[in-house]
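Inspection log for the structure reproduced underneath, given as structure tokens.
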Amino acid sequence: MSQSILLIEDDNRLAEMVSDYLQSNGYDVKIAPNGADGIQLEDEEKFDVIILDLMLPDMDGLDICRVIKARSDVPIIMLTAKGDPMDRVVGLELGADDYMGKPFEPRELLARIKAVMRRGQTKTATSKTLQFGRLEIDPDAMNCSLDSKLCELTSHQFTLLHTLAESA
């Protein structure tokens, strides 16, 4: 069974090129042309990796990342023309597993996909979600929820909460 990838990208030409390349390397690829379709596809099917553009016509890629990471531990690679270091930091803090700028080399994207999949396999073997009554802390996704509602924390707040929870 081939591994599946969800590509959320509004540039049809680029999406087809990436899809063709990944399919030629044995992956099953589904393309979502906007954020709403991407979230719906992710909700309906299980994917091994999501490749996410930050600048989409209907939603901000960071919001999509936040929504998906709140309910899934699927690895996300952000693929975007936004190359500003602060954009990269924010994307990674929201739970993205990797970040690539456009233009990019398809072979590098393939190598990064394989790398996040390897890390994902290791992560599932060592995942340690912490539960304290109504509070759940997921150190892998760097988020926490209270009564199943995602809490918005900065990376420093999350690190402090996680440190205190580990030493409870």
**Q.** Search result, residues across segment 75-92 that are closer than 18 Å to Val49 by Cα and open to solvent by 40 Å² or more (accessible area, probe 1.4 Å)
**A.** Leu92
Q. When residues of segment 1-44 are filtered for being small (Gly, Ala, Ser), within 22 Å of Pro103 (Cβ to Cβ) and open to solvent by 30 Å² or more (accessible area, probe 1.4 Å), how many remain?
A. 1
Q) Does Met117 count as closer than 12 Å to Ile50 by Cα, at pLDDT below 90 and of a type in the set (A, V, I, L, M)? A) yes
Q: Return yes when Met117 is in contact (Cβ under 8 Å) with a residue 24 or more places away in the chain and farther than 26 Å from Ser24 by Cβ and no when it is not.
A: no
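Residues in segment 119-139: is at least one in a helix (DSSP H, G or I), open to solvent by less than 70 Å² (accessible area, probe 1.4 Å) and either farther than 22 Å from His162 by Cα or in contact with a helix residue (DSSP H, G or I) (Cβ under 6 Å, 6 or more places away or on another chain) (or both)?
No - not one qualifying residue is present in segment 119-139.
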(Q) Just the residues that are at negative phi and in contact (Cβ under 8 Å) with a residue 40 or more places away in the chain, please, taken from segment 139-153. (A) Asp140, Ala141, Asn143, Ser145, Leu150
Q) Residue check, Phe47 against (1) surrounded by fewer than 17 Cβ atoms within 10 Å (Cβ to Cβ); (2) under 23 Å from Asn143 (Cα atoms), all met but one. Which one? A) (1)
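Go through segment 132-153 and give me each residue that's more than 19 Å from Ile68 (Cβ to Cβ), modelled with pLDDT of 85 or more and not hydrophobic (A, V, I, L, M, F, W, C). Walk me through it before giving the result.
Start the filter on segment 132-153 by keeping residues that are more than 19 Å from Ile68 (Cβ to Cβ), which leaves 132-135, 146-147.
With the extra rule that they be modelled with pLDDT of 85 or more, the set shrinks to 134-135, 146-147.
Matches in segment 132-153: Arg134, Asp147.
Just to verify a result, which residue in segment 18-50, among those that are hydroxyl-bearing (Ser, Thr, Tyr) and without any contact (Cβ under 8 Å) to a residue 24 or more places away in the chain, is nearest to Val67 (Cα to Cα)? Before you say what the answer is, go through the steps one by one.
Step one: filter segment 18-50 for residues hydroxyl-bearing (Ser, Thr, Tyr), giving 19, 21, 24, 27.
Checking which are without any contact (Cβ under 8 Å) to a residue 24 or more places away in the chain leaves us with 19, 24.
Details: Ser19: 24, Ser24: 30 Å.
Looking at the filtered set, the residue picked out is Ser19.
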Q. Can you tell me how many residues in segment 94-117 are surrounded by fewer than 16 Cβ atoms within 10 Å (Cβ to Cβ), small (Gly, Ala, Ser) and not in a helix (DSSP H, G or I)?
A. 1
Q.
Would you confirm whether or not segment 30-44 contains a residue that is at pLDDT 95 or above, in a strand (DSSP E or B) and among the aliphatic types (A, V, I, L, M)?
A. yes
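The values are calculated or read from the model by the stated rules, or taken from the named source; none is laboratory data. Not measured: the values here are computed from a predicted model. Note that we place each Cβ from the backbone using ideal geometry, even for glycine, and neighbour counts take in every protein chain shown. Areas reflect the complete protein model, heavy atoms only, side chains present, ligands, DNA and RNA absent. Shrake-Rupley method; radii C 1.70, N 1.55, O 1.52, S 1.80 Å.
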